[in-house]
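No value in this document is a laboratory result; all are computed from the given coordinates. In this text, all values refer to a predicted model and were calculated from it rather than measured experimentally. Counting neighbours? That spans all protein chains shown, and the Cβs are built from the backbone with ideal geometry, glycine included.
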């Protein structure tokens, strides 16, 4: 067994690096191996996490929507609205946005509900047009 000379001033980490360097016979191979490990799994672009926001409204829930439902019934059916306008409390908006097209592909993208003065659903509009988010 060959003994590796040690230096008293070197830390164990530096000693292990020296030992690793001696084990590679070709420095170009060692550099290529190091570059492959340090580059990670992505070669062309960084990982981008999926962005999903809003309320998922399945089409089956829309079939239950009808004129005359109260605000409480609408809240039970769809959950809380995305935004309640303090200047127009009889108008609720629901929106759904995702960057992953395979995540709930049949979900309703936009739903706007209008209530009458008695807090009953008067009308609603549905849009499957995707929501666009401006990126700076």
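Put simply, the stretch 52-127 fits an ellipsoid with semi-axes of 23, 14, 9 Å; these come from the alpha carbon gyration tensor as the roots of five times its eigenvalues, largest first.
The calculated FRET efficiency for residue 67 paired with residue 88, based on their beta-carbon distance and R0 = 22 Å, is about 0.70. Spin-label model, residue 60/residue 120: points 7 Å from Cα along the beta carbon direction are separated by 2.8 nm.
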